[in-house]
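Before any comments, here is the structure.
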Amino acid sequence: MPDQDEQVRDRRDRTPQDGAPRRRDPAPSGTARPGTGGVRSVQDRPAPGSQGRQRSAPSAPGRERAAQQSPAGQRPAAQRQAGQRPASGRPGPGRGTGAAPSSYGRADVVSDQLADRLAERIAMARYRVWRRIGWTVLSVAVAAGLVWAAFFSPLFALDPEQVRVTGQGTTVDVGEVRDAVTDEAGIPLPRLDTVGLREEILAMNAVKNVRITRAWPDGLRVQLTSREPVAAVPQPGGVHALMDAEGVRVATVEEVPDGLPSIVTSLSDAGAGRRALDAALSVLGALPPKLAADIRTVSAATQDDVRTTLTDGRVIRWGNGAEVPLKTKVAQTLLKAEPTATTVDVSSPELPVTH
């Protein structure tokens, strides 16, 4: 039986190219042409039991025509059956029993690795998102707890027993101040309206200034600056108005307190009388405590004629309320230098006069 590869070559040789009949290659020596009844040589037959059938090599002209006439990209049958790569190095289709190219296995491995990395990235992104959400929720919960504890819980509520009032002096009603503060009892200190409470205390007559500070966790400190009267002004009805150095009425009493001078003027006069009173109060407010304590009465007929009478009967004429510190030094010097003088005039401190 003729060899299969030899039959394929014979059919290829008989196939016409470009419409012209193809001549068959002359048979090699010792080989009979098919169809002529010739017998192939014993040397061209494959040995019994050998794997794969071998064919005799065609002559050189035949091989050249076969290579020229074979279509581009076709491989010999033996190579196609064995699944071998062509000479160009491109992988064959792997027909028959040939193994699949190794590049397919590598592509599957790379694809699996990319899928794993993508899944890992998605998992990490999801973890970061949930972690950020968790921290946000925790922070909001902690902040809400702190706000509730500071502004709404009784932890920092004002306790009336922890209220301290200082600086009331001799004219401020401490009970009135304390009542105004304790009305805010039970309110947490962060919510306590200290501005409104300060204005309420300042509305009291004898309070000149007030400072309110929180004493954590539940106390309050109220430091007062009271208005101290410097003189008593007689009023109709036999009462006296206690006035401070700024001309503010501190209180109204029936009798003049000990050590407090009395000003002879009228508060009913809205013009000259008020200016005279302000001048007298300016003089009294600028005097040193030792000299102020030695004054018994003050008279102010006009704003430029302020006079004070000491406890020993001597009179000091101050003029107006200007340059009181300088006038005070001059008056003290003259009182020591001339103890027998009954009147010391320092209305012009550069040219003082004694009588």
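Any read-out appearing in this document is the output of simple, stated calculations on the displayed coordinates, not a laboratory observation. Please read all numbers here as calculations on a predicted model, not as lab measurements. Don't worry about glycine lacking a Cβ; one is built from the backbone with ideal geometry, like all the others, and counts go over all protein chains shown.
Using the empirical formula 2.2 N^0.38 Å as the baseline, the Cα radius of gyration of segment 310-351 reaches a ratio of 1.07.
I need the Debye-formula profile for segment 229-288: one equal scatterer per C-alpha, no solvent, reported as log10 I(q)/I(0) at q = 0.19 1/Å, two decimals. Treating every Cα as an identical point scatterer, log10 I(q)/I(0) equals -0.60. The modelled label-to-label distance between Lys336 and Arg274, using points 7 Å beyond Cα along the C-beta direction, is 4.1 nm.
Across segment 208-252, how large is the tail of the calculated P(r) beyond 13 Å, expressed as a percent of all Cα pairs? The answer is 63 percent, as a whole percent.
In plain terms, the chain from Thr166 to Phe151 could stretch by 2.7 nm, reckoned as 0.36 nm per residue minus the Cα-Cα distance. Each Cα pair of segment 151-268 feeds into the Kirkwood radius, which the Stokes-Einstein equation turns, at 4 °C and 1.567 mPa s, into a diffusion coefficient of 82 µm²/s.
Extension gain for Ala203-Asp116 works out to 23.5 nm (0.36 nm per residue, less the C-alpha to C-alpha distance). Remark: spin-label model distance Val264-Val195 equals 5.0 nm, labels positioned 7 Å along the Cα→Cβ axis. Checking the a/c ratio against 1.5 first, then a/b against b/c, what shape does the Cα gyration tensor give for segment 161-200? Prolate, since a/c reaches 1.5 and a/b exceeds b/c.
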